[in-house]
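Working notes, beginning with the structure itself.
The values are calculated or read from the model by the stated rules, or taken from the named source; none is laboratory data. Predicted model only: the values in this text are computed from it and were never measured. Note: ideal-geometry Cβ built from the backbone for every residue, glycine included; neighbour counts use all protein chains shown.
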Amino acid sequence: MRFSLADRESRRKMVSFLAVGCTSAAIYSSTCTYLTYISPSKQSAITIGVYLALIPPSFFAQRYLTFRSQGPVLNEIASYFLVQIAAIVISTILLTRLVTNNPILNSIVFLTIGGIAAVLSYVVCNGLVFSLRTKQSTN
(Lines give C-alpha, C1' and ligand atoms only; values in the text may rest on other atoms or scores of the structure.)
Protein backbone atom coordinates (compact mmCIF):
# COMPACT_ATOMS: atom_id res chain seq x y z
CA MET A 1 0.00 0.00 0.00
CA ARG A 2 1.42 3.37 -1.00
CA PHE A 3 0.84 6.63 0.78
CA SER A 4 1.21 10.02 -0.82
CA LEU A 5 3.62 12.60 0.52
CA ALA A 6 0.64 14.61 1.73
CA ASP A 7 -0.56 11.61 3.78
CA ARG A 8 2.90 11.15 5.28
CA GLU A 9 3.15 14.86 6.07
CA SER A 10 -0.29 14.84 7.70
CA ARG A 11 0.69 11.85 9.85
CA ARG A 12 4.04 13.44 10.74
CA LYS A 13 2.28 16.65 11.81
CA MET A 14 -0.27 14.75 13.88
CA VAL A 15 2.36 12.65 15.65
CA SER A 16 4.54 15.69 16.30
CA PHE A 17 1.59 17.74 17.52
CA LEU A 18 0.54 14.94 19.85
CA ALA A 19 4.08 14.56 21.21
CA VAL A 20 4.37 18.27 21.94
CA GLY A 21 0.79 18.45 23.23
CA CYS A 22 1.12 15.38 25.45
CA THR A 23 4.36 16.70 26.89
CA SER A 24 2.73 20.04 27.64
CA ALA A 25 -0.36 18.34 29.07
CA ALA A 26 1.76 16.14 31.34
CA ILE A 27 3.73 19.15 32.60
CA TYR A 28 0.49 21.11 33.03
CA SER A 29 -1.26 18.27 34.84
CA SER A 30 1.57 17.41 37.21
CA THR A 31 2.36 21.04 38.01
CA CYS A 32 -1.30 21.99 38.58
CA THR A 33 -1.95 18.88 40.64
CA TYR A 34 1.03 19.58 42.90
CA LEU A 35 0.35 23.30 43.25
CA THR A 36 -3.37 22.88 43.94
CA TYR A 37 -2.51 20.20 46.50
CA ILE A 38 -0.25 22.56 48.44
CA SER A 39 -2.43 25.64 47.87
CA PRO A 40 -6.03 24.57 47.18
CA SER A 41 -7.47 28.07 47.60
CA LYS A 42 -5.59 29.37 44.54
CA GLN A 43 -6.90 26.97 41.86
CA SER A 44 -7.78 29.61 39.27
CA ALA A 45 -4.51 31.49 39.61
CA ILE A 46 -2.54 28.25 39.45
CA THR A 47 -4.26 26.93 36.33
CA ILE A 48 -3.93 30.27 34.54
CA GLY A 49 -0.32 30.79 35.60
CA VAL A 50 0.83 27.32 34.59
CA TYR A 51 -1.04 27.53 31.28
CA LEU A 52 0.49 30.93 30.48
CA ALA A 53 3.97 29.70 31.35
CA LEU A 54 3.58 26.81 28.89
CA ILE A 55 2.45 28.95 25.93
CA PRO A 56 5.88 30.14 24.69
CA PRO A 57 7.65 26.76 24.72
CA SER A 58 4.59 25.08 23.20
CA PHE A 59 4.33 27.71 20.48
CA PHE A 60 7.96 27.34 19.40
CA ALA A 61 7.79 23.55 19.52
CA GLN A 62 4.65 23.54 17.37
CA ARG A 63 6.03 26.19 15.04
CA TYR A 64 9.33 24.47 14.34
CA LEU A 65 8.66 20.78 14.95
CA THR A 66 5.04 20.28 13.95
CA PHE A 67 4.12 22.87 11.37
CA ARG A 68 7.66 23.78 10.23
CA SER A 69 6.42 27.29 9.71
CA GLN A 70 8.47 30.03 8.13
CA GLY A 71 5.70 32.60 8.42
CA PRO A 72 5.92 35.87 10.36
CA VAL A 73 6.65 34.97 13.97
CA LEU A 74 4.85 37.94 15.48
CA ASN A 75 1.62 37.26 13.56
CA GLU A 76 1.73 33.56 14.41
CA ILE A 77 2.54 34.02 18.09
CA ALA A 78 -0.21 36.64 18.45
CA SER A 79 -2.73 34.26 16.86
CA TYR A 80 -1.44 31.36 18.95
CA PHE A 81 -1.73 33.39 22.16
CA LEU A 82 -5.33 34.33 21.31
CA VAL A 83 -6.20 30.66 20.78
CA GLN A 84 -4.55 29.73 24.06
CA ILE A 85 -6.19 32.57 25.99
CA ALA A 86 -9.58 31.31 24.82
CA ALA A 87 -8.56 27.83 26.00
CA ILE A 88 -7.47 29.25 29.38
CA VAL A 89 -10.85 30.89 29.93
CA ILE A 90 -12.78 27.74 29.06
CA SER A 91 -10.40 25.49 31.03
CA THR A 92 -10.53 27.70 34.10
CA ILE A 93 -14.32 27.75 34.10
CA LEU A 94 -14.38 23.95 33.89
CA LEU A 95 -11.57 23.38 36.39
CA THR A 96 -13.01 25.61 39.09
CA ARG A 97 -16.14 23.45 38.95
CA LEU A 98 -14.46 20.05 38.69
CA VAL A 99 -11.37 20.17 40.96
CA THR A 100 -11.70 18.20 44.19
CA ASN A 101 -9.54 17.47 47.23
CA ASN A 102 -8.42 14.21 45.61
CA PRO A 103 -5.05 14.61 43.77
CA ILE A 104 -5.64 11.48 41.65
CA LEU A 105 -9.04 12.66 40.49
CA ASN A 106 -7.56 16.12 39.87
CA SER A 107 -4.87 14.58 37.66
CA ILE A 108 -7.58 12.93 35.57
CA VAL A 109 -9.51 16.20 35.34
CA PHE A 110 -6.40 18.19 34.33
CA LEU A 111 -5.35 15.59 31.75
CA THR A 112 -8.82 15.39 30.25
CA ILE A 113 -9.24 19.12 29.92
CA GLY A 114 -5.66 19.46 28.65
CA GLY A 115 -6.34 16.78 26.03
CA ILE A 116 -9.51 18.45 24.83
CA ALA A 117 -7.70 21.78 24.62
CA ALA A 118 -4.92 20.11 22.61
CA VAL A 119 -7.30 18.66 20.02
CA LEU A 120 -9.08 21.98 19.56
CA SER A 121 -5.74 23.75 19.40
CA TYR A 122 -4.54 21.44 16.61
CA VAL A 123 -7.61 22.13 14.52
CA VAL A 124 -7.23 25.89 14.90
CA CYS A 125 -3.43 25.93 14.52
CA ASN A 126 -3.50 23.73 11.44
CA GLY A 127 -6.37 25.64 9.88
CA LEU A 128 -5.55 29.22 10.86
CA VAL A 129 -2.48 30.05 12.91
CA PHE A 130 0.25 28.34 10.92
CA SER A 131 -1.56 28.14 7.59
CA LEU A 132 -1.67 31.91 7.16
CA ARG A 133 1.81 31.76 5.64
CA THR A 134 0.62 29.32 2.97
CA LYS A 135 -2.46 31.36 2.10
CA GLN A 136 -0.48 34.62 1.92
CA SER A 137 2.34 33.17 -0.17
CA THR A 138 -0.06 31.81 -2.79
CA ASN A 139 -1.69 35.20 -3.44
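Odds and ends about this structure:
- If you go through region 94-104 and keep only what is part of a helix (DSSP H, G or I) and either in contact (Cβ under 8 Å) with a residue 60 or more places away in the chain or not charged (D, E, K, R) (or both), you end up with Leu94, Leu95, Thr96, Leu98, Pro103, Ile104.
- Total residues in region 1-59, condition hydroxyl-bearing (Ser, Thr, Tyr), over 15 Å from Ser91 (Cα atoms) and at pLDDT below 90: 2
- Any chance Ile77 is under 15 Å from the mean Cα position of the chain (by Cα), of a type outside the set (Ser, Thr, Tyr) and more than 14 Å from Thr112 (Cα to Cα): yes
- Unique residue being in contact (Cβ under 8 Å) with a residue 60 or more places away in the chain, assigned to a helix (DSSP H, G or I), within 17 Å of the chain's Cα centre (by Cα) and surrounded by 14 or more Cβ atoms within 10 Å (Cβ to Cβ) when the list is Ser58, Ser91, Ser107: Ser107
- Of all residue pairs spaced 6 or more apart or on separate chains, those with beta-carbon atoms under 8 Å, a first member in region 10-39 that is within 14 Å of Ile113 (Cβ to Cβ) and a second member that is of a type in the set (A, V, I, L, M) and outside any helix (DSSP H, G or I) are Thr36/Val99.
- Subset tally (residues that are hydroxyl-bearing (Ser, Thr, Tyr) and crowded, with 17+ Cβ neighbours inside 10 Å) for region 17-39: 6
- Of all residues in region 61-88, those satisfying the criterion of being over 14 Å from Phe130 (Cβ atoms) and free of Cβ contacts under 8 Å to residues at least 12 places away in the same chain are Ile85, Ala86.
- Residue within region 116-125 that is farther than 22 Å from Glu9 by Cα, at pLDDT below 85, under 17 Å from the mean Cα position of the chain (by Cα) and surrounded by fewer than 17 Cβ atoms within 10 Å (Cβ to Cβ) present: yes
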